[in-house]
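Peer 1: Got a structure for you, written out below as structure tokens; questions coming shortly.
Coordinate-derived values only; no laboratory data. Quantities reported herein were computed from a predicted structural model and do not represent experimental measurements. Backbone-built Cβ (ideal geometry, glycine too); neighbour counts: all protein chains shown.
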Amino acid sequence: MIGWFDMQEVDAFAQWTVAEIGKRIPPGTLERSDRKAADRMSRMNDAISAKARELAPRLNFFKRARLGNRVKWGMKEAGYPEGFIDTFTYELLTVVTVAARDPNVKKP
């Protein structure tokens, strides 16, 4: 039961996610719409989604909520536009929720 509220792993993943976004797609480069920017965005999404799917089976409802909140606020502090933040956070939580419900994934 104590592990239910242990947020250390969630906080570390949220911090890594925001850092990864900042490294791959800084806030000032979001307006670019060329092929290179789209490729960078795609690679970033793939990398973050892969790690999120690995983490998903260990996340209960509270941990998923915490993850969304930490990522959202981290991105706000980094200066990303509100629309991008909301879309990214929604997609991240969708990936985590779907992966957590996958019957082929072994639960801890």
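Peer 1: Specify the longest stretch of the chain that does not include any exposed loop site, a site being one of the trypsin sites (Lys or Arg not before Pro) with a non-H, G, I, E, B DSSP assignment and at most 11 other Cβ atoms within 10 Å.
Peer 2: Longest site-free region, per DSSP loop and neighbour criteria: 1-100.
Peer 1: Using the alpha-carbon centroid of each, what span in Å lies between region 62-93 and region 1-51?
Peer 2: Result: 10 Å between the Cα centres.
Peer 1: I've got another one for you. Lysine pairs, Cα distance under 22 Å, 8 or more residues apart or cross-chain: how many in region 2-100?
Peer 2: 9
Peer 1: Here's something else I'd like to know. Quick one: what are the phi-derived ³J(HN,Hα) couplings along region 75-82, Karplus 6.51/-1.76/1.60 with θ = phi - 60°, whole Hz, x for glycine and proline?
Peer 2: 5, 4, 5, 7, x, 6, x, 4
Peer 1: Oh, and also: Which loop GluC sites (Glu not before Pro) in region 15-85, with loop taken from DSSP, have no more than 11 other Cβ atoms within 10 angstrom of their Cβ? Each step should come with its number before you reach the end.
Peer 2: Numbers: sites: E20, E31, E54, E77, E82; in loops: E31.
Those that pass, being in a loop and sparsely packed, are E31.
Peer 1: For Rg/Rh (Cα atoms, Kirkwood Rh), several values are listed as [x] 1.08; [y] 1.82; [z] 0.99; flag the one computed from this structure.
Peer 2: Only one listed value fits the structure, namely [z].
Peer 1: Let me ask something else. Cut-off is 10 Å between beta-carbons; in what order do S49, S33 appear when sorted fewest neighbours first?
Peer 2: Numbers: S49 16, S33 7.
Exposure proxy ranking, most exposed first: S33, S49.
Peer 1: Hey, another quick one. I need the shape label for region 45-89. Rule: rounded when a/c is under 1.5, else prolate if a/b > b/c, else oblate, with a, b, c from the alpha carbon gyration tensor.
Peer 2: Numbers: a/c = 2.67, a/b = 1.52, b/c = 1.76.
Oblate.
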